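Notes follow once the structure below has been shown.
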Amino acid sequence: MTAKTKIFYKNPDIDFLFGTMNDKIPSKKEDFKPVPVLNGETQEILKDFYQKKPSSESVRRFEEMLHNQLKSYGDLKKITKPSLVEVIITITLRKERIFDVDVDNISKTVLDALKGYLYEDDSQVSKLFCHKEVHALNIPGYFISATELTNDRRGGIRDFYLFSESEPSLKTNYYKVEYVETSEINSKKSGGFLLETKDNISFEDIKRHIRKTNKKKDSDIKISNLIEIDEEIFNRLSL
């Protein structure tokens with residue numbers, strides 16, 4: 001039986017993506033040992049004090065492998081201040097280890113490995129997301145993304161909010177979008193697509209989506225038609 005090969009494509013909203021399967025991110029917790037501290041006034045032994053040990057071999061191996069993966073991007077230019085960075089970490093675990101791994105310790109390992117190599121220091125990280133889950137095939141692994149944030153590039157997490165002045169809509173909206181794209185040489189090309197969203201959508205959001213999909217930064221895009229349709233029509237058009 002011939003094995004099937006699947007091709008996966010990097011999310012266009014992120015700059016760097018690297019990782020591996022059948023391996024794990026070592027915890028920085030392993031690099032600290034508990035130290036008893038005596039309270040001079042009460043003579044009580046205080047707990048929860050730790051002393052940093054030399055980095056473990058597993059941490060050094062992970063950092064070396066991560067740096068080698070980043071070298072695949074060629075001439076890597078370090079992200080310097082005042083630029084901000086988004087870091088996303090996804091970890092897959094075996095079922096029996098899901099409660100053995102702390103996302104805060106894993107995040108520390110990753111940030112320390114990237115610091116001074118991909119960006120200057122941790123103060124540049126304005127978005128950090130770390131997610132762990134049991135792999136469907138019970139296989140350990142990890143993938144890490146890093147993105148320099150700009151006005152036009154908002155990263156893989158994109159914009160999120162915890163509260164808003166307006167009441168959120170629970171209704172799903174369906175649209176048929178038609179547009180005209182005019183390039184630098186004034187040749188016009190029309191296009192269209194279907195859009196399903198729970199968010200309030202603006203023309204600028206739609207234009208940004210078209211530019212990103214078509215990878216056209218030098219085009220003037222005009223929305224020629226934005227039609228709200230019901231779910232039945234949307235599903236029929238989607239077939």
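Numerical summary
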read-out: Of residues in region 106-131 being in contact with a Leu (Cβ under 6 Å, 6 or more places away or on another chain) and of a type outside the set (A, V, I, L, M), the one farthest from Asp75 (Cα to Cα); value: Ser126
read-out: All positions within region 84-115 that are surrounded by 14 or more Cβ atoms within 10 Å (Cβ to Cβ) and part of a loop (DSSP other than H, G, I, E, B); value: Arg94, Val101, Asp102
read-out: Total residues in region 201-227, condition open to solvent by 60 Å² or more (accessible area, probe 1.4 Å), of a type outside the set (Lys, Arg), modelled with pLDDT under 75 and within 20 Å of Lys10 (Cα to Cα); value: 1
read-out: Lone qualifier among Gly141, Gly155 - being small (Gly, Ala, Ser), touching a residue at least 60 places away in the same chain (Cβ under 8 Å) and closer than 23 Å to Leu76 by Cα; value: Gly155
read-out: Residue identified as at pLDDT 95 or above and surrounded by 11 or more Cβ atoms within 10 Å (Cβ to Cβ) among Leu70, Leu128, Leu118, Leu76; value: Leu128
read-out: Members of region 116-133 that are within 17 Å of Gly19 (Cβ to Cβ) and assigned to a strand (DSSP E or B); value: Leu128, Phe129, Cys130, His131, Lys132, Glu133
read-out: Residues (outside any loop (DSSP other than H, G, I, E, B) and open to solvent by 10 Å² or more (accessible area, probe 1.4 Å)) located in region 137-159; value: Phe143, Glu148, Leu149
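Yes/no matrix, rows are residues, columns are (1) modelled with pLDDT of 85 or more; (2) of a type in the set (A, V, I, L, M); (3) within 30 Å of Glu63 (Cα to Cα):
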position: Asn138; (1), (2), (3): yes, no, yes
position: Ala146; (1), (2), (3): yes, yes, yes
position: Asp152; (1), (2), (3): no, no, no
position: Glu181; (1), (2), (3): no, no, no
position: Glu184; (1), (2), (3): no, no, no
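The values are calculated or read from the model by the stated rules, or taken from the named source; none is laboratory data. Just so we're clear, the structure is a prediction, and the values are computed from it rather than from any experiment. Please note: Cβ atoms are built from the backbone with ideal geometry, for glycine as well, and neighbour counts cover all protein chains shown. Just so you know, the surface numbers come from the protein's heavy atoms only, side chains and all, with ligands and any DNA or RNA stripped out. Shrake-Rupley method; radii C 1.70, N 1.55, O 1.52, S 1.80 Å.
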